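We did not get these values from a lab; they are worked out from the coordinates using the rules stated. What you are looking at is a predicted structure, and each value in this text was computed from that prediction instead of being measured. Please note: Cβ atoms are built from the backbone with ideal geometry, for glycine as well, and neighbour counts cover all protein chains shown.
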Number of protein chains: 2
Amino acid sequence: MIDKTKFPDIAFRKHDHRRCQRQLLTEASQLCATRKLRLTPRRRQVLEIMLASHQPMGAYDILARLNRADSAERIAPPIVYRALEFLMAEGLIHRIESRNAFITCAHPGHESAAQFLICRDCERVAEVETSAQSLLAEADNLGFAVDHSVVEITGVCAECQKHAG
Amino acid sequence: MIDKTKFPDIAFRKHDHRRCQRQLLTEASQLCATRKLRLTPRRRQVLEIMLASHQPMGAYDILARLNRADSAERIAPPIVYRALEFLMAEGLIHRIESRNAFITCAHPGHESAAQFLICRDCERVAEVETSAQSLLAEADNLGFAVDHSVVEITGVCAECQKHAG
DNA sequence: TATCGTTACGTTATAATATAACAAAATGAT
DNA sequence: ATCATTTTGTTATATTATAACGTAACGATA
């Protein structure tokens, strides 16, 4: 039996979206203030667009929204990619590699490696916080039928660590 | 201390490459025979190109090699992508999502989810077979300094399973 | 508040990755 | 030999991402 109350993420649960959105935006603001970084209008705008759905968006989806908003200006890809780069560097959003898409981080500030459950039907993505150890067990627990799992750990191998400084 | 003898994969170890290559090719042949599938010249050619390095290659890298080989014909992207699609479907190669690249499977036939250690210095990729549970521990064990870990599990969420047949 | 180094934004062009759509050829079963 | 199926070939184009360079905003300091 699936215990729905335990679902680890907002994506598959109803919630007060407005409130959630507002909170994440506030958290982002605070986080940038703390780090003496600028959450500029553009960056905030991109984050807001992404928060509107809590779901993964392609860079060009975001771009389209920007261009719908500012009907006058014609915004170009680099602007979006730069904002995404900034937001990723600060852990405010994640990249979903297997979809070439981006999604807001469910709990910014937490340092754990991002892990996702991606539904290939509804396309919703849940970010899970469990340790890597138990992710598959967790998925099973939730009744999530695992289809394909991508585990990619990037770093520096022992040999290269020796050769470098 | 890192126990080099335990390194889980060929990528970071010296080995008899020729032999390894030959063996994987034979395994591929046998696997296709068993499944009544055709390892056509093209597919074999792509696999051979990939086996030459044991390292991830972009589709267009493979394409370039094909075009260097058959100096006459001008081979186009779909040909490569189709071969890759076939090889992936049969578990003979994997896709490295975070690199838009492809790599030969280190142990075709084994059904476990593919997991990789990707060195951002030397770009070598080791495929590990440990259960997902202990991957990070394993990396640590090997002296692999984890930089970034992508864990992406795709499947069907409980809700969609209900709505579908 | 004028200056200046730095950071972010804007713009143009193009690179890199991937697929749609359709025609031709090879395969393999009868 | 014929025919359905699978694979390959071809052309065009979609999608995702970045290089390169100029302009504007910011923010520290004189």
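Percentage of Cα-Cα pair distances in chain A greater than 23 Å, rounded to whole percent? Don't skip to the end; give the middle numbers.
Working: 6171 of 13530 pairs.
Across chain A, Cα pairs with separations above 23 Å total 46 percent.
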- Note on the structure: Highest GNM mean-square fluctuation among A:Glu111, A:Glu138, A:Glu127, for chain A with Cα springs under 10 Å, belongs to A:Glu111
- Message: Need one value for B:97-105: mean number of C-beta atoms belonging to other chains within 10 Å of its residues' C-beta atoms.
- Response: 2
- Message: Which of A:Ala101, A:Ala33, A:Ala114 ends up with the largest GNM mean-square fluctuation for chain A, with Cα atoms connected below 10 Å?
- Response: A:Ala33
- Query: So what is the 222 nm mean residue ellipticity for the protein assembly as shown from helices alone, if each DSSP H run of at least 4 adds -39500 (n - 2.57) and you divide by all residues, rounding to the nearest 500 deg cm²/dmol?
  - Reply: -12000 deg cm²/dmol
- Item | Taking all pairs of distinct alpha-carbon atoms in the range A:54-126, Kirkwood radius in angstrom | 13.2 Å
- Comparing A:Leu24, A:Leu47, A:Leu37 in a Gaussian network model of chain A (Cα, 10 Å), the one with the largest mean-square fluctuation is A:Leu37
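In percent, what relative contact order does chain A have, based on Cα pairs under 8 Å that are 6 or more apart in sequence? Let's see the in-between values first.
Working: 150 pairs, mean separation 40.8, N = 165.
After rounding, I find 25 percent.
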- Message: About the Cα centre, and with charges only on the beta carbon of Lys, Arg (+1) and Asp, Glu (-1), how big is the dipole of chain A? Nearest 20 debye, please.
- Response: 800 debye
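Sort A:Arg82, B:Arg19 by Cβ crowding within 10 Å, fewest neighbours at the top. Numbers along the way, then the final one.
Working: A:Arg82 13, B:Arg19 9.
If I rank by nearby Cβ atoms, fewest first, I get B:Arg19, A:Arg82.
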- Do any trypsin sites (Lys or Arg not before Pro) in the range B:23-52 lie in a DSSP loop with no more than 14 other beta carbon atoms within 10 Å, and if so, which? B:Arg35, B:Lys36, B:Arg38
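Taking every eigenvalue of the Cα gyration tensor of the protein assembly as shown, multiplying by 5 and rooting it, what semi-axes result, largest first, whole Å? Intermediate results must be reported in sequence, preceding the final value.
Values: eigenvalues 268, 111, 99 Å².
Its equivalent ellipsoid spans semi-axes of 37, 24, 22 Å.
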